[in-house]
């Protein structure tokens, strides 16, 4: 029998000026130490997906966002045979203005941040600096969904 989902997380690809914000996990983290990733975290009991997105962005980097997120993809996974089944929901949030207009304040779970072009993120993936190298659910795989979604939107909304 399949295990029911027990943990649901939101993953947020934050974009501004054709760059993506990635954050680096703490080197002492128990999973994926020092790896770069998108923002995200678990949805809390009674919380909507939209609220979880706003809360995670605020908790991790100190930004208040009011933009409507664009759903990109979902995936399920397990850390190991004894862990619960997890569902990840990946969203894109496009920020207005320019990067310099946003003050990033990292929480203590994160060590560093940077705004990167997709080409730079691809090189980081090749060097195994990101979570989930070669996985469609890894950091690079998550961001790769953006161009696919943009193509689908254009094909559905041709004016």
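Identify the residue in the stretch 133-154 that is assigned to a loop (DSSP other than H, G, I, E, B) and over 13 Å from residue 73 (Cβ atoms) and, among all such residues, is modelled with the lowest pLDDT.
Per the criteria, the residue is 134.
Determine which single condition residue 6 fails, assuming it passes every other condition in (1) under 24 Å from residue 67 (Cβ atoms); (2) assigned to a strand (DSSP E or B); (3) modelled with pLDDT under 95.
Result: residue 6 passes all but (1).
What number of residues within the stretch 105-132 satisfy the criterion of being crowded, with 17+ Cβ neighbours inside 10 Å, touching a strand residue (DSSP E or B) at 6+ places or on another chain (Cβ under 7 Å) and not in a strand (DSSP E or B)?
So the count comes out to 4.
Part of a strand (DSSP E or B) and either touching a residue at least 60 places away in the same chain (Cβ under 8 Å) or surrounded by fewer than 12 Cβ atoms within 10 Å (Cβ to Cβ) (or both): which single residue out of 91, 71 fits that description?
After ruling out the rest, the residue left standing is 91.
Tally time: how many residues in the stretch 32-52 are farther than 17 Å from residue 114 by Cβ and in contact with a strand residue (DSSP E or B) (Cβ under 8 Å, 6 or more places away or on another chain)?
The number of residues fulfilling the criteria is 6.
What are the residues in the stretch 24-64 that are in a loop (DSSP other than H, G, I, E, B), touching a residue at least 40 places away in the same chain (Cβ under 8 Å) and closer than 23 Å to residue 101 by Cα, if any?
Selection gives 38, 62, 63.
Residue by residue through the stretch 82-101, note down the ones that are at pLDDT 90 or above and more than 18 Å from residue 145 (Cβ to Cβ).
Within the stretch 82-101, 95, 96, 97, 98, 99, 100, 101 meet the criteria.
With respect to the numbered conditions (1) within 13 Å of the chain's Cα centre (by Cα); (2) buried (at least 18 other Cβ atoms within 10 Å of the Cβ), which one is the sole condition not fulfilled by residue 43?
If we test residue 43 against (1) within 13 Å of the chain's Cα centre (by Cα); (2) buried (at least 18 other Cβ atoms within 10 Å of the Cβ), just (1) comes out false.
The values are calculated or read from the model by the stated rules, or taken from the named source; none is laboratory data. Model, not experiment: these values are computed from the prediction. With ideal geometry, Cβ positions are generated from the backbone for all residues, glycine too; neighbour counts draw on all protein chains shown.
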